Amino acid sequence: MTVEYVCKTPKTMLNKGTGFLAGYTHSLNPYTGCAFACSYCYVRQMPVATFRTSEWGTWVNLKENAAAILQKELRRAKAKGPVTIFMSSSTDPYQPVEYKAELQNLC
Ligand code: SF4
């Protein structure tokens, strides 16, 4: 299956931990989308996937400047108290493109 890769600049890397992630202060998805396309993936039913015209598993957005944005946000969040992060609630953190991207350096 061909996967489309697009670089996007995120406004934030950290999201507030809500719903089933309420035990964490934040969640962090290093990518949007996923190249693995698992048939059982619950993300297929979530807005991030249903509002797209392309099928889940055929696109991945690389988050441009992710490390610098995260560093700033973490500093701010830690100043307010302890930070606990749930990693990759809607993607797999080990995307094949990471081999080349090295935390989005491809963008
Ligand atoms: S997010 Fe996880 S379960 Fe969903 S397609 Fe990617 S690897 Fe599979």
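The values are calculated or read from the model by the stated rules, or taken from the named source; none is laboratory data. Owing to the predicted nature of the structure, the values given are computational and were not obtained by experimental measurement. Virtual Cβ from ideal backbone geometry, glycine too; neighbours counted across all protein chains shown.
Residue under question is residue 33, and the condition is that it be small (Gly, Ala, Ser), touching a residue at least 60 places away in the same chain (Cβ under 8 Å) and within 16 Å of residue 89 (Cβ to Cβ); does it hold?
Values: small (Gly, Ala, Ser): yes; touching a residue at least 60 places away in the same chain (Cβ under 8 Å): no; within 16 Å of residue 89 (Cβ to Cβ): yes.
Criteria not met by residue 33.
State which residue is nearest to residue 1 (Cα to Cα) when the search covers only the stretch 82-107 and only residues that are away from the ligand (no atom under 16 Å from the Cβ) and modelled with pLDDT of 95 or more.
85
Tally the residues that are more than 14 Å from the ligand (Cβ to nearest atom), at pLDDT 95 or above and within 17 Å of residue 5 (Cα to Cα), restricting the search to the stretch 54-76.
The number of residues fulfilling the criteria is 0.
Consider residue 79 carefully, then state whether it is among the aliphatic types (A, V, I, L, M), more than 14 Å from the ligand (Cβ to nearest atom) and modelled with pLDDT under 95.
Taking the combined requirement at face value, the residue does not satisfy it.
Taking into account only those residues within the stretch 44-53 that are surrounded by 15 or more Cβ atoms within 10 Å (Cβ to Cβ) and over 15 Å from residue 3 (Cβ atoms), which is farthest from the ligand (Cβ to nearest atom)?
Ranking the qualifying residues of the stretch 44-53, first place goes to 48.
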